[in-house]
Each structure stands twice: as structure tokens, then as C-alpha cells.
């Protein structure tokens, strides 16, 4: 399925609109962040619901206008405009996506980012669009938002850039990076409010059936993962665990995912981490449960289900054994709970001597 973008700047220029945004789509870009931003702009642009670019305008640009760009879900978008005067835009949004399927940003796209930055345009990276910004040399000395899901991918490629995986987006001068997903809508609402006012932003959100948005500092739904081991099989197994919290996989299934036997997986975990796969899995689920207790208003029974425990009692029993206090107490003492969360950061999960014992260190 292919959609052709329609230019919105035929009659309205930067001088006649308050917000001007260009999008450049990378191969296998994620559709949700892109559509979240562009729809928020569309609804903000017109006092009515006619999608007229009166208050802001948007363009999808490419070094190869007319050539479709396929998203990660298969939907294609055809950019309508080439690379002309980039200084006419307030923001250039680069939308990334899949990292391990097909080509990434080509040299021409990287050059566009560099050219826009040189002309003083603010650059926004959605999803893995931030990776392209780093490759373009635009993030030296800056904080870069990355999804918890791509945290290890980021560390592997960009050891000299500090990733931020506990916020939905990060504003660092004229460089803005967003973890992607629904966080792109939060960022879009901030852009509209900044340039067009709070009332206009709220109008867009109401039409989109969104009752509230998160600030930049709001935490991502899943805490970031650090490297527990340099062993590729262990890392892949841990990532698989994190992607299957609510319905935990058996050790046999985990072993199958990393193409080794159950016995080999258990031996590798023991050698690399000093714990069994089951223990590591349980600790990750408890850590996620702790995070939800501190950052959501979900009922404990719902948190238990999200974290793969049979019921609230099952969750509370393991939680209390690990933290020496029940979930209800942790939720009512959030400051103390944040200290608990630090104790259960991934780098400490596999070190029994660092396990939280109920004593403040």
C-alpha cells in the first residue's frame, strides 16, 4: 500500500505560518511516530477540521522525490518534495525504524541532516532516527534519547555518546531525540504548545482522543537494560525475557530462541552471571513490577499479571521476599521505593552480594 504525500507549502511559507516542519523517512521507518507527529500538526494547523496549513505546514522531503519509502509495517509513503532550501523549516524530523533489516540512512540522507544543522534548523530524531543524527556527527557532547528496546544496540555502536533510556524524549538545544512509539505524540504536543500555544495543542489532543500527555522527563514504560554480559547468547536471552514479561517463556523455549540446548543455556548463565536463567528472569520481572508500582496507578493485581505472576498473592510473596516489604508499602513510600529500584538495576541483578537486604547502604 502506497501513499503519496501532498505538499502543504504551496501557498503558505515560513513567513506566514508559525511552525514549519520537514520529514525525512529512513528505510523501514516506524509508522506510528511519524503519523503521531504529522497528525498532531495537521489538527493544530487549522481552526476547523479542514487540514488547511494555516498555522503550520509540513512537508515530506527526499533526495529522491517520487520514490516510495517502505515503513516497517509495509505501508509506503512517497515523498513529494526534493531537498531545496532547508532554512525554510523550523524543524527537520528524521524518522528511523528497524535496525537489523535492510539499509539504514544513506550518505545522501546523512548529508541532508548535516546541511540542515549547518543552516540552524533544529533536528528531531524519532525512534532510531537518533542513530542517523549521531552518524551525521550532530550529537557530540549531547544527551540522546533511545528506546529501552534498542539500548544495547546503541551501546554497541556509539560507545562515546551518552544514551538516555529513562525519558520519552530529550531536548538538548537544537537537537531533540525521542524514543518513538507513543512518545512521539507527547513530543508533537510540546512542539505545538511551544509555537502555537497550549489551547491549540489541547485542541489537537482532544480530537485525537488523548486526555493527557507526558513531559520530556516522564519515564519510558520499561526501564533500560544494561549489558549483563558480553556473551551474545546471554544478551539475546535476556532481551527475549524482557520482551516476554507477562507470559514468561520456559527455559526450553529461551534456549530454542538462542539456538542452544537447555543445558547449554543454564551452563552459560551460570558461567557468565552466576545465576540460573529462571532466577534472572524472575528478577527482571520483579524489577519491572517495582517500576510499575512507582510510576503507574495500576492495581497490584494488574501489575502481577503484567509481570507474569499468577495473581497478586504470588507477586507479593516473591516481591516481599526480595525487598523485605510488600508492594503496598513500597507504593506508599515512593522515595524509599526509588532507592529499591536502584538496588535492582540490571547490573546488580546477578550479583548476590549486591542484593537488597532491607538495610540502607
Exception for residue 148 within (1) at pLDDT 95 or above; (2) within 11 Å of the chain's Cα centre (by Cα) falls at (1)
Across (1) part of a helix (DSSP H, G or I); (2) buried (at least 21 other Cβ atoms within 10 Å of the Cβ), residue 93 clears everything bar (1)
* Asked: Hey, does region 160-170 have a residue that's modelled with pLDDT of 95 or more, within 16 Å of residue 131 (Cα to Cα) and touching a helix residue (DSSP H, G or I) at 6+ places or on another chain (Cβ under 8 Å)?
  -> yes
Criterion first (at pLDDT below 95 and either in a loop (DSSP other than H, G, I, E, B) or farther than 18 Å from residue 41 by Cβ (or both)) does residue 130 satisfy it?
no
The residue from 216, 201 that alone is modelled with pLDDT of 90 or more, touching a strand residue (DSSP E or B) at 6+ places or on another chain (Cβ under 6 Å) and either farther than 30 Å from residue 260 by Cβ or part of a helix (DSSP H, G or I) (or both) is 216
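For (1) closer than 25 Å to residue 214 by Cβ; (2) surrounded by 21 or more Cβ atoms within 10 Å (Cβ to Cβ); (3) at pLDDT below 95, each residue gets a yes or a no:
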residue: 275; (1), (2), (3): no, no, yes
residue: 279; (1), (2), (3): no, no, yes
residue: 283; (1), (2), (3): no, no, yes
residue: 290; (1), (2), (3): yes, yes, yes
residue: 297; (1), (2), (3): yes, no, yes
residue: 301; (1), (2), (3): yes, no, no
The residue that is surrounded by the most Cβ atoms within 10 Å (Cβ to Cβ), considering only those in region 183-218 that are under 15 Å from residue 18 (Cβ atoms) and touching a helix residue (DSSP H, G or I) at 6+ places or on another chain (Cβ under 6 Å), is 188
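The values are calculated or read from the model by the stated rules, or taken from the named source; none is laboratory data. Predicted, not measured: the structure shown is a model, and the values here were computed from it. Methodologically, a virtual Cβ is constructed for each residue, glycine included, from the backbone with ideal geometry; neighbour enumeration extends over all protein chains shown.
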